[in-house]
Structure formats: C-alpha cells, structure tokens
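The values are calculated or read from the model by the stated rules, or taken from the named source; none is laboratory data. Just so we're clear, the structure is a prediction, and the values are computed from it rather than from any experiment. Cβ atoms come from the backbone with ideal geometry, glycine included; neighbour counts cover every protein chain shown.
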Amino acid sequence: MPILAVALAIATGAIIIALSGSSPVDAYKALIEGSLSDSKSIGRTLEKATPLVMGGLAVAFAFKAGLFNIGGQGQLVFGALIAGAVGYGITGLPWIIHTPLALLAGAIAGAMWGAIPGILKATRGAHEVITTIMLNFVALNMTDWLASKVWREEGVIVRTPHIESSAEIPRWGELPAGFFLAVVIAFLCWYLLRSTTFGFEIKSVGLNPNAASYAGISVKKIIIMTMAISGLLAALGGAIETQGVVGRYEPGFNAGLGFEGITIALLARTHPLAVIPAAILIGAMEAGGSMMQFKADVSPEITDIIQALILIFVATPIIVRWFLSQKEANELSVSTTWGS
Amino acid sequence: MSENQTRDIGKFFFNKRWWILTTVLLVFFTLWTAEFQQANTTSVLVSTLRHSTPLVLGAMCGLLCERSGVINIGIEGQMLMSAWGGFMVASSSGSLLLGVFAGIGIGMMMGGVLAGISVGLRGDQIIAGTVINIAAIGITSFFFSLGRTLPSGKAQVIKLGPLADIPVAGRVLFSNKPITYLTLLMIPTLWFLLFRTKWGLRTRAVGEHPSAAETVGISVIGMRYLNVIMGGGIAGLAGAYLSLEAVGSFERGMTNGKGFVALAVMIFGRWNPVGAWGAALLFGYASAIQTQFQFRDWLTNDPQFIGIIPFVVTIVVLAGFVGRARPPASIGQPYSRE
C-alpha cells in the first residue's frame with residue numbers, strides 16, 4: 001500500500017509538472033539520472049539518505065510509544081553542532097577514538113534536547129507536538145549563537161572550523177560509510193523494539209498507557225526515555241552529516257530535515273527496517289533534484305510537493321483503500337493524548 | 001451599591017489577581033525600559049498589538065475547531081498557504097482586497113482539507129494537521145516566483161478621525177490597518193456567537209459530548225465541517241495579514257511558528273476568544289520586547305537570545321497551564337454514528 005501511495009504521488013507530481021509547462025517524462029528521467037545512474041550518483045543518494053534514515057527512525061521510534069516527535073530538526077542541528085565542536089576542538093586523538101567520540105557527543109546532546117519535551121509531557125502534560133516545534137526554533141537560535149560567538153572560525157563567514165581528519169567518517173570509493181552506520185542503527189532499533197523488555201514496554205505505552213501503567217510499567221519513565229532516544233537518533237543523523245559530508249557546522253545546516261523524517265516514518269508505517277528504503281526513495285529525489293532543474297527546467301521544490309503528496313496519501317489510508325477496495329487499513333493515531 | 005454587588009466585584013478582582021498583577025508589572029517594566037518617554041512607550045504598545053494580531057486570529061481558528069472537537073495543528077500551514085495565495089492574487093490583480101478574499105478562501109479550502117481527512121475520513125487529526133503544514137511549505141516554495149511585488153504597496157494605516165489624536169491610545173488603538181480593526185471587532189463577535197447563540201451552544205455540545213448532541217438532532221459531522229472550514233477562513237485572514245498588511249511581500253516560511261504559538265495562546269486563553277486576546281497580547285508583548293531591549297541597548301549583539309523569547313514563553317505556558325486548563329472533552333476523537 002505505501003508503494004501505491006508513492007505511485008499516486010508521483011503521478012500527481014507529473015500532472016503538476018505538466019501544468020507548470022515542462023515535460024514530466026524528461027523531468028523524471030533527469031531525476032533518475034541524477035540519483036541512480038552511476039556509482040557517483042548512487043553515492044550521493046545514499047549520502048542524502050543517511051540523515052533521512054536517522055530522522056525517520058527518530059519519528060518512527062517515538063511513534064511506537066504513541067509520541068509524535070516533530071522536533072527532529074532541532075535535535076539534528078544540536079547533534080551536528082556538538083559533533084562539529086568536538087571534531088575540531090579536540091586534537092591529537094587517533095581516529096578510532098576521535099570519530100566515535102564526536103558522534104557520541106552529538107548523540108548525547110540530541111538525547112538531552114529530546115528529553116526536554118519528554119519531561120514536559122510526562123510531568124506537566126504539555127503536548128510534545130507543540131513543545132518540540134517550539135524547541136526547534138530555540139535550537140536554531142541557540143546553535144546559531146554558539147556557531148557565531150563561541151566556536152566560530154576566524155573570518156567573515158559564520159561557521160565552525162573544519163573538523164580534524166581524525167573525526168571524519170570515511171567514504172568507501174563513492175559510498176559513504178555513514179549510510180551503513182545508519183543501517184546498523186536501524187537494525188539495532190528493530191531489535192530493541194522487537195526482542196527486549198524495554199521495547200515491549202515502549203509498545204505497551206503506545207498501545208494503551210492506562211493498561212501499561214496498570215501492568216506496572218512506569219509510563220512517565222518510558223515517555224522520557226523514548227523522547228531521549230528519539231532525539232538521540234535524530235542528532236546522530238546530524239553528527240554523521242557533519243563528520244561524513246559537510247565537515248563543519250554552519251547556520252542553515254540541513255534545514256527542513258525534521259519534517260522529512262515524518263514523511264519517511266509514515267511511509268515506512270513506523271517499521272524501523274522499512275525506514276531504510278523509504279529514506280533511499282526520498283534521498284534519491286533530493287539527489288536528483290538539481291539534475292532535474294538542469295535538464296528539464298523543473299524547480300527542485302517539486303520534490304517537496306511529491307513528498308507532501310506521499311504523506312497525504314499515506315496518512316489517509318482510506319484514500320488509498322478506495323483505489324484498492326481493500327477493507328482493512330492500519331491506521332495511525334497520536335491524537336489521543338492531547339492536552340491531558 | 002448593595003453588599004452583594006460589592007462582594008461580586010471583590011470576587012472578580014480576586015479571581016483575576018494574577019492577570020492584574022502581571023499587567024501592573026508589565027506596565028511598570030515597559031515604562032522603565034522605555035525610559036518613561038511617551039514615544040518609546042507608544043512604539044512598544046504598537047508593536048505588541050501588531051504582533052498579537054496574527055496570534056489571536058490563529059487562536060480563534062484553533063478554538064473554533066477545538067470547541068467542536070477537532071484539533072487543528074495545521075494552523076501554521078493554513079496561514080502560510082493563505083499568506084502566499086493572498087499575495088499572489090493581490091500582486092497579479094493589483095487589488096489588496098481581492099488578495100485578502102483569496103487568502104480567506106484558501107484558508108477555508110485548507111480547513112476543508114483538514115475536515116475532509118479528520119472528520120470525513122476519520123483520519124488522525126494531528127497527522128492530518130501535520131500533513132497540511134508540510135504540504136504548505138512544499139507548495140508555497142514550488143509555486144512562488146521571486147521578484148513579485150504589490151503594485152500599490154501593503155495596506156495603509158486608517159486613522160479614525162479625532163480618536164487617533166488621543167496621546168498613546170490614539171496611536172495604538174485608532175491608527176491601524178484594516179485587518180487589525182477587523183480582528184478587534186471579531187474578538188467580541190466570536191465570543192458572543194460562541195456563548196450567546198444557538199450555533200455556539202451546538203458547537204460546544206458537539207465538542208463536549210457528540211453522541212448526546214446527535215441524539216437531540218444536531219449533525220455532529222456537519223457542525224465539525226462548518227467550524228473547521230470557518231476556522232480555516234480565520235487562519236487565512238491571519239495569513240493575509242502577514243503578507244498584505246504586516247510585511248507587504250511573501251517570504252518562504254514567513255509564518256515562522258506563529259501557527260503553533262497561536263495554539264498555546266488558545267490554551268492560555270482557555271478556548272475563549274476574549275481570553276485568547278489577553279494571551280495574544282502577552283505573547284505579542286514577548287515578541288515586541290525586542291524594541292524595548294534596543295532602547296536600553298541590551299543583548300543587541302546577541303539577537304538570538306531575544307529571538308527565542310516567544311518560543312520559550314510558549315513552552316513555559318504549555319507546561320504551566322495545560323494541566324489546569326480543560327480542553328473540550330471529545331477532542332481528538334473521530335466521530336462516527338453507531
């Protein structure tokens with residue numbers, strides 16, 4: 001069914017491209033050429049997909065506990081900035097220590113940032129959708145300030161200095177190693193949710209917090225832990241991006257990724273392993289966007305519209321069901337805990 | 001004056017003691033930061049009202065939806081789409097009025113989308129709203145062509161005759177632009193409609209206990225569609241305010257979180273238009289604080305710290321008040337007739 005949603009979205013996208021006066025066939029050809037035609041473009045697709053896997057995992061993981069984390073962007077920029085700071089600030093370490101250390105620092109920063117809405121939800125009942133969005137704006141301002149005042153590189157451009165080579169995540173030929181790290185983490189999430197007590201507790205809270213509480217699970221603890229892990233996952237995406245692709249943090253870093261995580265998580269029906277192909281799909285759209293603009297003169301923002309359409313078709317299974325005349329649809333719900 | 005009346009007045013002031021105390025403190029703080037100069041004080045108040053207008057409109061959209069049982073997390077996207085649509089229509093037709101109507105119309109369409117997904121198809125309301133937010137960013141970025149301008153400039157200030165010459169109050173209240181006046185009129189109107197008319201009673205009944213409302217012959221689905229679409233129209237007006245009255249152009253992501261702040265305003269105002277106005281003024285003040293900090297030359301080198309104030313206030317308000325404010329009972333639950 002998610003495949004049908006994607007197909008519908010691509011078809012609708014073709015109509016929009018045609019309406020705006022370009023050829024949809026040329027546009028999609030260029031999109032594929034820019035994302036999947038040779039090892040270089042595949043490398044770029046995987047590079048784009050890496051933070052998307054992590055962002056998708058962050059949203060999907062929180063969903064399992066019935067939480068909707070739309071603060072992925074704030075968590076990501078914190079992870080990216082802290083990883084960048086540790087990456088350039090500490091010198092003389094061998095890479096086997098420095099690279100994981102920077103990743104870990106970024107991840108912990110994101111976990112702490114992600115835990116805030118969890119704590120506010122568990123103790124004060126503030127809905128995480130609003131607090132995470134607000135914290136996005138706070139995070140963007142704070143990282144902006146840290147990058148321009150505290151860890152700023154000498155010079156006119158506001159950015160942190162380039163990280164030491166010992167903190168860089170390598171590429172294997174054209175393929176970014178960071179992507180494979182993200183895949184490993186997706187498998188870890190899948191295992192944690194499927195086969196551990198903690199994962200069982202998370203899913204219980206997501207299905208029915210009252211029943212979970214009655215069964216002796218501390219719902220508050222699970223909410224805070226889940227939000228922290230969700231923040232950690234998003235931040236790790238930012239850290240990998242800093243250490244594997246950009247090499248430093250600059251304001252405006254990877255704007256908008258938090259929302260793509262939502263699309264990917266819903267497209268994957270919140271399954272941690274399904275997040276990987278979903279992220280590759282969206283990553284391919286982003287990687288091929290510039291080729292599409294170059295060859296078919298279609299604004300790359302069309303991929304934003306296609307993503308929004310995918311989201312609409314996935315979020316309303318009934319629309320897709322109508323096409324398939326299927327009876328059951330696995331509907332997602334997060335509205336139950338509003339304001340209580 | 002009888003003893004009863006005196007007691008009632010006393011009770012009123014006691015019940016509102018936190019509002020009164022906050023107001024007094026804020027007035028003092030404002031005067032102090034404005035160095036007790038009339039011009040400075042006036043500009044802080046003007047800025048407060050200007051910042052509060054889109055917030056109270058967004059909050060009225062939110063409370064109209066929520067009073068009938070539908071969470072509208074998509075206010076941000078509705079505002080953004082309308083800001084864009086209103087600007088595009090105004091810049092191509094040359095008429096601001098047409099632009100405002102287009103903004104309202106697009107807002108109503110977006111309300112229709114939300115209602116369609118969450119009321120008609122019984123999808124999850126929060127996901128439906130998020131879909132609107134994300135779609136709005138994509139659509140407005142794709143279809144926006146740079147370099148467009150409004151032929152006649154943004155909306156102009158209308159001075160209300162001699163009233164505009166009153167010191168301070170004249171500048172703040174009686175020299176505004178059209179949508180601001182309209183908003184100031186809408187606040188008491190919506191309050192009256194919601195709490196003194198049949199439609200208002202039905203709306204609240206549908207939000208509190210839909211099945212009971214249905215048994216007395218009120219169409220729950222119909223009321224929810226109506227209110228969510230009307231709410232969308234109000235959010236559309238807020239969008240038109242941003243692009244046609246406040247800024248005079250469209251910028252990517254120009255709503256900048258105002259739709260979400262509006263939700264906090266709605267909760268803080270306890271799902272009541274008048275309360276929401278008070279809350280919006282408070283939040284508007286938090287945004288206007290930048291002006292004051294400039295008078296005193298505070299944090300001018302670190303503008304990021306001033307930038308986070310409205311968002312931090314929103315979080316504090318949510319964390320501090322949500323537990324105590326009671327939302328309409330049936331909120332978030334799709335309704336289907338048994």
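So the values come out like this:
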read-out: Subset of the stretch A:126-185 (residues that are of a type in the set (S, T, N, Q) and either over 30 Å from A:G66 (Cβ atoms) or more than 19 Å from the chain's Cα centre (by Cα) (or both)); value: A:N141, A:S148, A:T160, A:S165, A:S166
read-out: Selected residue (criterion: farthest from B:L31 (Cα to Cα)) from residues of the stretch B:144-165 that are of a type in the set (G, A, S) and either in a loop (DSSP other than H, G, I, E, B) or touching a Phe, Trp or Tyr at 6+ places or on another chain (Cβ under 7 Å) (or both); value: B:S145
read-out: Residues (in contact with a Phe, Trp or Tyr (Cβ under 7 Å, 6 or more places away or on another chain) and either among the aromatic types (F, W, Y) or more than 9 Å from chain B (Cβ to nearest Cβ) (or both)) located in the stretch A:125-138; value: A:E128, A:F137
read-out: Some residue of the stretch A:18-31 being crowded, with 24+ Cβ neighbours inside 10 Å and under 30 Å from B:F260 (Cβ atoms); value: no
read-out: Tally of residues being out of contact with any Phe, Trp or Tyr (no Cβ under 9 Å at 6 or more places or on another chain), within 13 Å of another protein chain (Cβ to nearest Cβ) and part of a helix (DSSP H, G or I) across the stretch A:62-78; value: 1
read-out: In the stretch B:166-185, the residues that are part of a helix (DSSP H, G or I) and touching a residue at least 40 places away in the same chain (Cβ under 8 Å); value: B:R171, B:V172, B:L173, B:P178, B:I179, B:T180, B:L182, B:T183
read-out: So A:I119, is it within 22 Å of A:P209 (Cβ to Cβ) and either surrounded by fewer than 24 Cβ atoms within 10 Å (Cβ to Cβ) or away from chain B (no Cβ under 13 Å) (or both); value: yes
read-out: Some residue of the stretch B:93-101 being more than 14 Å from every other protein chain (Cβ to nearest Cβ), at pLDDT below 95 and in a loop (DSSP other than H, G, I, E, B); value: yes
read-out: Residues that are of a type outside the set (V, I, T) and surrounded by 18 or more Cβ atoms within 10 Å (Cβ to Cβ), drawn from the stretch A:161-176; value: A:P161, A:E164, A:S166, A:A167, A:E168, A:P176
read-out: Residues of the stretch B:186-225 classified as of a type in the set (A, V, I, L, M), out of contact with any Lys or Arg (no Cβ under 8 Å at 6 or more places or on another chain), surrounded by 16 or more Cβ atoms within 10 Å (Cβ to Cβ) and without any contact (Cβ under 8 Å) to a residue 12 or more places away in the chain, total; value: 1
read-out: Exclusive hit being out of contact with any Pro (no Cβ under 8 Å at 6 or more places or on another chain), within 11 Å of chain A (Cβ to nearest Cβ) and not polar (S, T, N, Q), set B:G116, B:G112, B:G161; value: B:G116
read-out: Selected residue (only one of B:V274, B:V312 is under 30 Å from B:T203 (Cβ atoms), at pLDDT 85 or above and among the β-branched types (V, I, T)); value: B:V274
read-out: Enumeration of residues in the stretch B:29-73 that are part of a helix (DSSP H, G or I) and within 14 Å of another protein chain (Cβ to nearest Cβ); value: B:L55, B:G58, B:A59, B:G62, B:L63, B:C65, B:E66, B:R67
read-out: Hits in the stretch B:304-314 (condition: under 19 Å from the mean Cα position of the chain (by Cα) and more than 7 Å from chain A (Cβ to nearest Cβ)); value: B:I309, B:P310, B:V313
read-out: Residues of the stretch A:201-216 that turn out to be without any contact (Cβ under 8 Å) to a residue 40 or more places away in the chain and closer than 20 Å to A:A58 by Cβ, as a count; value: 1
read-out: Subset of the stretch B:119-135 that is more than 7 Å from every other protein chain (Cβ to nearest Cβ) and within 21 Å of B:T255 (Cβ to Cβ) - its residue that is surrounded by the most Cβ atoms within 10 Å (Cβ to Cβ); value: B:I132
read-out: Listing of helices (runs of 4 or more DSSP H) fully contained in the stretch B:206-303 that carry 1 or more residues being within 26 Å of B:V157 (Cα to Cα) and within 14 Å of chain A (Cβ to nearest Cβ); value: B:258-268, B:273-296
read-out: Filter result (free of Cβ contacts under 8 Å to residues at least 60 places away in the same chain and of a type in the set (S, T, Y)) within the stretch A:137-196; value: A:Y191, A:S195, A:T196
read-out: Filter pass, B:I126 being in contact with a Leu (Cβ under 8 Å, 6 or more places away or on another chain), touching a residue at least 12 places away in the same chain (Cβ under 8 Å) and part of a helix (DSSP H, G or I); value: no
read-out: Qualifying residues in the stretch B:326-338 (those that are surrounded by fewer than 18 Cβ atoms within 10 Å (Cβ to Cβ) and facing chain A (nearest Cβ under 9 Å)) - the one modelled with the lowest pLDDT; value: B:R326
read-out: Qualifying position, being within 28 Å of A:G74 (Cβ to Cβ), surrounded by fewer than 17 Cβ atoms within 10 Å (Cβ to Cβ) and modelled with pLDDT under 90, among B:G269, B:G253, B:G307, B:G257; value: B:G253
read-out: Matching residues in the stretch B:262-289 - criterion: being of a type outside the set (G, A, S) and in contact with a Ser or Thr (Cβ under 8 Å, 6 or more places away or on another chain); value: B:W277, B:L281, B:L282, B:F283, B:Y285
read-out: Only one of A:G114, A:G13, A:G34, A:G21 that is modelled with pLDDT of 90 or more and out of contact with any strand residue (DSSP E or B) (no Cβ under 8 Å at 6 or more places or on another chain); value: A:G114
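Okay, residues lined up against (1) within 13 Å of chain B (Cβ to nearest Cβ); (2) surrounded by fewer than 18 Cβ atoms within 10 Å (Cβ to Cβ); (3) modelled with pLDDT of 95 or more; (4) part of a helix (DSSP H, G or I):
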{"position": "A:A60", "(1), (2), (3), (4)": "no, no, no, yes"}
{"position": "A:T123", "(1), (2), (3), (4)": "yes, yes, no, yes"}
{"position": "A:A147", "(1), (2), (3), (4)": "yes, no, no, yes"}
{"position": "A:V158", "(1), (2), (3), (4)": "yes, yes, no, no"}
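For (1) surrounded by fewer than 24 Cβ atoms within 10 Å (Cβ to Cβ); (2) assigned to a loop (DSSP other than H, G, I, E, B), each residue gets a yes or a no:
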position: A:R269; (1), (2): yes, yes
position: A:L273; (1), (2): yes, yes
position: A:I276; (1), (2): yes, no
position: A:I280; (1), (2): yes, no
position: A:M285; (1), (2): no, no
position: A:G289; (1), (2): yes, no
position: A:M292; (1), (2): no, no
position: A:V298; (1), (2): no, yes
position: A:V314; (1), (2): no, no
